[in-house]
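The values are calculated or read from the model by the stated rules, or taken from the named source; none is laboratory data. What you see is a predicted model; the values in this text were computed from it and never measured. Neighbour counts are summed over all protein chains in view; Cβ atoms, including those assigned to glycine, are modelled from backbone coordinates with ideal geometry. Only protein heavy atoms, including side chains, enter the accessible area calculation; ligands, DNA and RNA are left aside. Shrake-Rupley method; radii C 1.70, N 1.55, O 1.52, S 1.80 Å.
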Amino acid sequence: MSALSEDPPRFLDVRQVSEYLNLNEKKVYALVADGRIPGTKVTGKWMFPRELIDRWMLESSHGGLLNDRLLVAGSDDPLLHRMVMSLARDTGPRGLVSYTPTGTRLGLELLQAGRADACAVHWGPSEESHLRHPALLSQYAGYRRWVLIRAFRREQGLILRPDLVQPGVGVADLLSRPLRWAMRQDGAGTRRFLAETLARHGVALDQLQITTEALTERDAAVSISLGIADIAPGARAAAAENGLAFVPTGWECFDITLARGVYFRQLFQHLVERIKDPHTLAWAETLGGYDLGDSGKLVWGQD
């Protein structure tokens with residue numbers, strides 16, 4: 001009997017992982033290349049936390065044994081937040097359902113690391129999402145295992161104090177004013193959308209008077225409500241929640257990416273079902289700026 005089977009160390013190298021899982025070392029390297037096994041490179045050498053290897057094995061068995069868990073990370077959205085909280089309430093103590101709005105990029109990093117089960121993403125205008133979203137996902141090693149589900153389309157724009165919106169006032173006028181901005185963090189899809197809007201109007205990001213950083217859609221709107229900022233990029237729904245004004249700049253696709261095995265989990269299927277639930281539809285109508293026509297559709301990764 002090997003020493004590994006008697007007392008497995010906390011961190012395993014490639015040889016130890018191959019023994020632990022009864023795989024040859026070439027297969028371990030192939031799993032690493034595909035981003036399918038949790039590991040990290042330390043001074044040029046691959047190391048694997050045994051705890052994560054154990055969890056990965058459980059996740060890989062029969063579509064995942066952790067069917068009582070759904071951790072959603074990524075982009076922030078008021079309607080998705082209500083859907084997840086409703087599912088958490090109805091699931092009760094039988095399972096863990098949570099939503100951690102981290103921004104698109106960090107959410108994908110958490111998904112890649114196995115720290116999240118699903119990630120909400122948006123990365124540019126809706127008419128280009130069929131190209132942009134797969135291109136974004138392909139930057140992560142595990143993307144071949146992922147699928148992309150359409151949550152909805154939503155309206156992006158500028159959230160601002162109601163007194164700033166007057167007849168004839170448009171995006172160009174607002175961008176030229178010395179307003180205080182609540183800016184989203186790097187890696188947020190809303191910041192990416194704003195950057196493209198600024199480029200169309202010949203305005204650089206460093207020309208804006210940024211007074212605070214907002215880590216979520218709601219943070220941005222609350223910063224304006226509290227008088228910390230005058231204007232922020234964000235979705236129409238975030239403005240509506242806080243009774244603020246909104247000037248649209250375009251529509252985007254808001255999608256959810258996750259591993260194929262997680263897609264078939266009962267909890268995720270229940271979340272998808274809630275998109276067309278009457279309560280969700282009513283909230284979408286109340287908040288405004290949503291198009292649920294393709295909601296729940298598998299838009300990428302079916303091959």
> What residues have an amide H closer than 5 Å to that of F11, excluding those fewer than 5 places away on the same chain, when H is modeled at 1.01 Å from N in the peptide plane?
Replying inline: R50
>> Taking the alpha-carbon distance from K27 and a cut-off under 23 Å, which lysines remain once sequence neighbours fewer than 8 residues away in the same chain are dropped?
In response: K41, K45
> Using the per-residue mean of other Cβ atoms lying within 10 Å as a proxy for protection, in what order, highest first, do the peptides 153-160, 215-222, 243-250 fall?
Replying inline: 153-160, 215-222, 243-250
> Around A229, which amide H atoms from residues at least 5 apart in sequence, or from another chain, sit under 5 Å from its own amide H, with H modelled in the peptide plane?
Replying inline: I224
> Which of I149, Q16, G92 sits farthest toward the positive end of the charge dipole of the chain, with +1 on the Cβ of Lys and Arg and -1 on the Cβ of Asp and Glu?
Replying inline: Q16
> So what's the back-of-envelope 222 nm ellipticity for the chain, counting only DSSP H runs of four-plus at -39500 (n - 2.57) apiece and dividing by all residues, rounded to 500?
Replying inline: -11000 deg cm²/dmol
> Quick one: Karplus J couplings for the range 197-204, per residue in order, coefficients 6.51, -1.76, 1.60, θ = phi - 60°, nearest Hz, x for Gly and Pro?
Replying inline: 5, 4, 4, 5, 9, x, 10, 8
> Quick one: which of 122-131, 187-196 comes out on top by average Cβ neighbours within 10 Å, and what's the full order, highest first?
Replying inline: 187-196, 122-131
>> What's the magnitude of the charge dipole for the chain around its Cα centre, counting Lys and Arg as +1 and Asp and Glu as -1 at the beta-carbon? Answer in Debye, nearest 20.
In response: 440
> Put +1 on the Cβ of each Lys and Arg and -1 on the Cβ of each Asp and Glu in the chain; which of I224, L179, T249 then has its Cα farthest toward the positive end of the dipole?
Replying inline: T249
> What list of ³J(HN,Hα) couplings, whole Hz, do you get for the range 98-114 from phi and the Karplus terms 6.51, -1.76, 1.60, once you set θ to phi - 60° and write x for glycine and proline?
Replying inline: 8, 9, 10, x, 10, x, 4, 4, 5, x, 5, 5, 5, 5, 4, 7, x
>> I'd like to know which of T102, W46, W56 lies farthest towards the positive end of the charge dipole of the chain, counting +1 on Cβ of Lys and Arg and -1 on Cβ of Asp and Glu.
In response: W46
> Which percentage, to the nearest 5, of the DSSP beta bridges contained in the chain is antiparallel?
Replying inline: 70
> What residue among A232, A88, A118 has the largest mean-square fluctuation in a Gaussian network model of the chain, using Cα springs under 10 Å?
Replying inline: A88
>> Here are labelled values, (i) 1.13; (ii) 1.04; (iii) 1.00, and one is the computed Cα Rg over 2.2 N^0.38 Å for what I pasted. Which one?
In response: (i)
>> Running a GNM on the chain with Cα contacts under 10 Å, which residue among S225, S18, S98 ends up with the highest mean-square fluctuation?
In response: S18
>> Just to check I understand the Karplus step: with θ = phi - 60° and J = 6.51 cos²θ - 1.76 cosθ + 1.60, what whole-Hz values come out for the range 277-282, glycine and proline as x?
In response: 5, x, 5, 5, 4, 5
>> Rounded to the nearest 10 Å², what accessible area does D34 have for a 1.4 Å probe in the complete protein model?
In response: 60
> Cα convex hull of the range 43-167: mean projected area in nm², to one decimal?
Replying inline: 12.0
